[in-house]
Structures are given as structure tokens and as C-alpha cells.
1. Between the DSSP loop rule and a limit of at most 13 other Cβ atoms within 10 Å, which trypsin sites (Lys or Arg not before Pro) in segment 109-215 are left?
2. Give the long-range amide H neighbours of residue 201: residues separated by 5 or more places, or on another chain, with amide H under 5 Å away, using H modelled in the peptide plane at 1.01 Å from N.
3. Taking a threshold of 27 Å on the Cα-Cα distance, which of the pairs 111/211; 111/234; 111/180 fall above it?
4. Under a 1.4 Å probe, what is the accessible area of segment 107-235 per residue, stated in Å²?
5. How much length is gained on full extension from residue 63 to residue 176, taking 0.36 nm per residue of separation minus their Cα-Cα distance?
6. Tell me the chymotrypsin sites (Phe, Trp or Tyr not before Pro) within segment 128-235 that lie in a loop according to DSSP and have at most 15 other beta-carbon atoms within 10 Å.
7. Once the piece of chain linking residue 138 and residue 103 is laid out straight, how much longer is it, given 0.36 nm per residue of separation minus the C-alpha distance between them?
8. Which aspartates and glutamates have a Cα lying under 12 Å from the Cα of residue 110, excluding residues fewer than 8 positions away in the same chain?
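The values are calculated or read from the model by the stated rules, or taken from the named source; none is laboratory data. A quick note: this is a predicted structure, and the numbers were derived from the prediction, not measured. Please note: Cβ atoms are built from the backbone with ideal geometry, for glycine as well, and neighbour counts cover all protein chains shown. In case anyone asks, the SASA skips ligands and DNA or RNA and just uses the protein heavy atoms, side chains included. Shrake-Rupley method; radii C 1.70, N 1.55, O 1.52, S 1.80 Å.
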Amino acid sequence: MRSADYLKKFWPVYLVTGLLCLAATLAADRTITTIAQSIPIVRYQTIVIDAGHGGEDGGAVSCTGVPESGINLEIALRLRDLCNLLGYNTCMIRTEDISVYTEGNTLAAKKASDLRQRVRIVNSTNRGVLISIHQNTFSDNRYDGAQVFYAPTEGSKELADLLQSNLIMSLNQNSHRNSKPTNNVFLMQHIERTGVLIECGFLSNPEEEAKLRDGAYQKKLCCIIVSSLSQYFKT
Ligand SMILES: [Zn+2]
């Protein structure tokens, strides 16, 4: 593809990359949020951001002992800031290290309640689009790269395909992954909105685990997610 064609096809990626660089020059992420919330624009589209796991459910554990739930939350909060900066409404499933269950006495019952609550929050939004943030692990620590899954709802595969190709183009150039439908993921099987689940990388791979814990890398990930959303809404 000629460079002019690249520019034509991927202009939202370049636009958001530029905006992210501008945002990154600001002193602190809280500054970005303050600025974003003060921008007087019509916010027409809601992005539901789900930081996977939380509270008693830490999710996977990284090769250096860091729980997935904390990394998911860091990325989710950065994604919220960037979405707000670019004019999207955001709906956060959680903003702290908590589970969102409303009932149950055992861990299993609380987990089931937590997942039902996440579904309820997504379905209560007006045409919200779900971005669920998770991290992968595998017994063989050679594997790396992001993997995008999609719900069986309208628009989900299209969004997942955009995300997967943009992640490969920007972060995982050696990856040959394709987006995949989710199987037996309660949240994704029960939402009535467009939704994708992003396994941002492998916490079992030492090199990628270090990147996933790094703020600059997390910002890159969020930039790719938001630019993919922009492309998705444009088409
Ligand atoms: Zn997870």
C-alpha cells in the first residue's frame, strides 16, 4: 500500500497518536482528566470500560507475582482519561480494586453476582460499547501479543477485527493472530451491546509482562484502542 493510502485508511490512528503525544506531555494523568472533563463538547457515544476481575478475584498472576486485576485497572483508568479527552462518555465498571457483587456468601456466589452485575451495567447503557480489559497467561512463556475476542452481538466482530489489526500494526508486528468469538465468557455471552474483550498481552512472558506494567506502554495500548473506536464509529 502506498503511504498516501496508509494515511487515508489509518488517519484516525495518526490523529489519536498525535493527540496522545500531546496529552503525554502534560505533567500528570490527573491533569488530562481535569482538562478532558472541562471540554464543552457533545458527548454522544458511551464507552463502557470493564477492568476485569478485582477485589478477592485477582485474576491471573504475572511471572513477577503481580495480579492481573491491578494491571487491568491501570489500563482501564488510562483508557477512561483518553476517551474523555476525545469526547466519549465513559461508564466504568470499577475504578478501584473491588469486586462489584451485590450478593453471595461464598467466593463462587460472589463471583457469579459480580458477573451478573457487570452484564447489568453494560445493558443499562444507551447503545454503550463494551471494552473489557484482561491479560493472558500460558504455561509456555514464549507466547506474547494481544488477542481480541468479540461478543455475539451486532458490530462486535467488526470492532474486534479493527482492534486486532491495529494492535498488530502498532505493537505486535510479528503476530498473526485473528480476532476470535468468545466461548463461555459469561459477560460476553450475556451483553446486549457491541462488546470486545482484549487480552492485552501475556503476563507469563517476562518481556511482555514488564511492558504491560509500564505506564508508557499502557498509554500506547489505550491510544490504539481509542483510535480503533474512532475508526469503528466512522465506518
Ligand atoms: Zn482475566
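1. In loop regions of segment 109-215 (DSSP not H, G, I, E or B), the sparsely surrounded trypsin sites (Lys or Arg not before Pro) are 127, 142.
2. Hits under the 5 Å cutoff: 136, 147.
3. Beyond 27 Å between Cα atoms: 111/211; 111/234.
4. 46
5. Extra length from residue 63 to residue 176 when fully extended: 38.3 nm.
6. 138, 143
7. Taking residue 138 through residue 103 to full extension adds about 9.4 nm, to one decimal.
8. Straight-line reach from residue 110, under 12 Å: 56, 57.
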